[in-house]
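Colleague: Submitted below is the structure of interest, expressed as structure tokens.
We did not get these values from a lab; they are worked out from the coordinates using the rules stated. Fair warning: this is a prediction, and the values are worked out from it, not measured in the lab. Here the Cβ is made from the backbone with ideal geometry for all residues, glycine too, and neighbour counts use every protein chain on show.
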Amino acid sequence: IFISTNDNQNQIPGMHGLPNITPLVSSVQETPEPIPTTVKGTIPTWIHGSLLRNGPGKFEFGNQHYNHWFDGMALMHRFQIEDGQVTYRSRFLCSDSYTQNSERNRIIVSEFGTLALPDPCKNFFQRFLSRFEMPKPTDNASVNFVKYKGDYYVSTETNCMHRVDPDTLESKQKVDWSKFIAVNGATAHPHFDPDGTAYNMGNSYRNKGAFYNIIRVPPERDGPEDTLEGAKILCSIAPRDKSKPSYYHSFGMSENYVVFIEQPIKMDLFKIVTGRLRGKSLNEGVYWDPNQETIFHLIDKQTGKEMPVKYYTKALSTFHQINAFEQDGFLMLDMCCSDDGQSINNFLIQNLRQSGEALDEVMFFLKLSLPYPRRFVLPLNITSETPLEQNLNTRPDSTATAVCHTKNQIFCTFEDLHGEDLKDYGGLEFPHINYARYNTKPYRYYYGCGFRHLVGDSLIKMDLESKKFKVWRQPDLYPSEPVFILSPNAEEEDDGVILSVIITPVKDKSTFLLVLDAKTFEELGRAEVPVNIPYGFHGVFNSSA
């Protein structure tokens, strides 16, 4: 445990001479039947349920290899916790992509960074014509577990999700967003109101160009086979450039507003549509434009109306928001963001498997776009009487600014949600809070991973009041995102535990589920898993209490 008090330093210690992490991004076998783990220490007996996680688990078919970390086939994991004991199982998602690739033992379906080559069994003319076909969106839902109407789905960012059994991890049904509403995909990070109403975002591509859409899914189901019935588009937002909309991985939500961050990570639709013809994968059409500002759009959740005021800030990139809440006429938007948006290209498989000086070079460029937690303070009560060219942020002890240039344009700067010493741990990503009680509300603590490597190499608990943090870190151990579980009869915000899956590349079959006391950040116990697990993305806790 380390409570950080370091002074500001110009260099980030440890971001050179890093160990090779190839085993973390290598293919593994599934474990479809539950196996026991070896518990060291104590797993609290009040924890009843399962940690469900998702991520890539297979990176090649035959002699063809995927190019990007995001491309690997979805492998679902379940850590079942009962009476202080833990079992583990995993299954590959039976997606169309996985099935077709397996049957042919080659990559049939294109992914984000990998273009499927024409079938060599076809003649030359057939292979030539295949380059003019529109690429079919993948249903390789490898990003997260999400919940709609009480059912669990695995999701990526295309139009297809898969409903899965959270106990057996069996794939039950492919569900296509576009069969219910006019969108071509949705994020893997929905938000939820207390009554279970879900909100999400998805793009649509029409004759007049692209649009961003706010989606609302009701909490009730009409029958056992009900999936996304009743889903509606709450609001459609026109991009700044309809032929080059922004890429987004998630969005923010307060009690009354959905907050969409239109960032300068752009998708060139012409390049994407013609990618197959040009022999280029989808990621070749995604680029960073540092000359464009970032725009915050606020949508009223009750009326579905986009607010006329737009909030601007300098170019930044963000993948995950921490929390958003309204207080005293302001909306606080907290998120992990960086000043460079090219990091998505750092996660090519060839980069993740580098070592020595080549890895140091990758890390040098990654350092330029390290994510840090920041807060924007957006004033809500803007009228014709609002004064121009002065800071509207009157919150005490806040260094963020919001200056009204015109009646509908406010330029904002952020305040850091951390001290300078967070730099020593490579910033913070994969943020989590006590979501059940503090989502859309004022809060004090957030948790995340420090990134001194290409993947998380520490767990961090940040205190917003003091901006000091606690760290769990051990050599050669790489933790997944921290998931907070509220303890029974909890009174304080951090009464609970943190779950994280820990992997090491230096020892075979050495993965374990770590349980930390969320208050002290001290280790309570670990459950050692006797199989290899690759480094994954996101997950949720499914309570059986």
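Colleague: In whole Å, what three semi-axes, largest first, describe the equivalent ellipsoid of the range 438-507 built from its Cα gyration tensor (square root of 5 times each eigenvalue)?
Modeller: Details: eigenvalues 126, 40, 18 Å².
Listed largest to smallest, the semi-axes of the range 438-507 are 25, 14, 9 Å.
Colleague: Could I ask something else about it? Would you mind checking the range 469-491 for residues with the amide N under 12 Å from a putative spin-label position 7 Å along Cα→C-beta of residue 437?
Modeller: Output list for this probe position: 485-491.
Colleague: Further question on the same structure: Can you classify the range 194-275 as rounded, prolate or oblate using the Cα gyration tensor, where a ≥ b ≥ c are the square roots of its eigenvalues, rounded means a/c under 1.5, and otherwise it's prolate if a/b beats b/c and oblate if not?
Modeller: Details: a/c = 2.73, a/b = 1.71, b/c = 1.60.
Judged from the Cα gyration tensor, the range 194-275 comes out prolate (a/c at least 1.5, a/b above b/c).
Colleague: Give the residue from 485, 529, 116 lying farthest towards the positive end of the charge dipole for the chain; charges sit on Cβ (+1 for Lys and Arg, -1 for Asp and Glu) and the dipole is referred to the Cα centre.
Modeller: It is 116.
Colleague: In debye, nearest 20: dipole of the range 22-543 around its Cα centre with unit charges on the Cβ of K, R (+) and D, E (-)? Let's see the in-between values first.
Modeller: On the way: 55 positive and 66 negative charges, 345 e Å.
Value, rounded to 20: 1660 debye.
Colleague: Just list whichever of 301/407; 407/441; 423/468; 149/441 have alpha carbons separated by over 19 Å in the model shown. Walk me through the numbers on the way to the answer.
Modeller: Details: 301/407 22 Å; 407/441 28 Å; 423/468 13 Å; 149/441 23 Å.
From the list (301/407; 407/441; 423/468; 149/441), the Cα-Cα distance tops 19 Å for 301/407; 407/441; 149/441.
Colleague: Now for a separate question. In percent, what relative contact order does the range 34-80 have, based on Cα pairs under 8 Å that are 6 or more apart in sequence?
Modeller: On the way: 47 pairs, mean separation 19.1, N = 47.
41 percent.
Colleague: OK, next. Go ahead and run the numbers for FRET between residue 409 and residue 104, Cβ-Cβ distance against an R0 of 51 Å, rounding to 0.05.
Modeller: Working: r = 53 Å, r/R0 = 1.05.
Calculated transfer efficiency: 0.45.
Colleague: Below 8 Å, C-alpha to C-alpha, sequence gap of six or more: please give me the relative contact order for the range 22-543 in percent. Numbers along the way, then the final one.
Modeller: Working: 1326 pairs, mean separation 70.8, N = 522.
Relative contact order comes out at 14 percent.
Colleague: List the pairs from 136/271; 244/314; 266/305; 147/208; 367/519 whose alpha-carbon separation is above 27 Å, in the order I gave them.
Modeller: Values: 136/271 16 Å; 244/314 19 Å; 266/305 25 Å; 147/208 32 Å; 367/519 30 Å.
Correct reply: 147/208; 367/519.
Colleague: Efficiency by 1/(1 + (r/R0)^6): what FRET value for residue 271 and residue 394, r their Cβ-Cβ distance, R0 = 56 Å, to the nearest 0.05?
Modeller: Details: r = 45 Å, r/R0 = 0.81.
Efficiency at R0 = 56 Å is approximately 0.80.
Colleague: Another question, then. Any chance you could get the radius of gyration and Dmax over the Cα atoms of the range 250-304, in Å?
Modeller: Cα-based Rg and Dmax for the range 250-304 come out at 15.5, 45 Å.
Colleague: Taking only DSSP H segments of four or more residues, each worth -39500 (n - 2.57), what value at 222 nm results for the chain once the sum is divided by all its residues, to the nearest 500 deg cm²/dmol? Spell out each step's value before the answer.
Modeller: Working: 7 runs with 45 residues, N = 545.
Rounded to the nearest 500, the figure is -2000 deg cm²/dmol.
Colleague: Hey, what do the phi angles of the range 465-476 turn into as Karplus ³J(HN,Hα) couplings, whole Hz, using 6.51/-1.76/1.60 and θ = phi - 60°, x for Gly and Pro?
Modeller: Coupling constants for the range 465-476: 6, 9, 6, 9, 9, 10, 10, 10, 8, 9, x, 6 Hz.
Colleague: State the label only: which of (i) 70, 60, 57; (ii) 67, 59, 41; (iii) 102, 91, 61 corresponds to Cα extents along the principal axes in Å computed from the shown model?
Modeller: (i)
Colleague: Once R0 is set to 45 Å, what does the formula 1/(1 + (r/R0)^6) return for the Cβ-Cβ distance between residue 236 and residue 473, expressed as a FRET efficiency to the nearest 0.05?
Modeller: Values: r = 44 Å, r/R0 = 0.99.
After rounding to 0.05, the efficiency reads 0.50.
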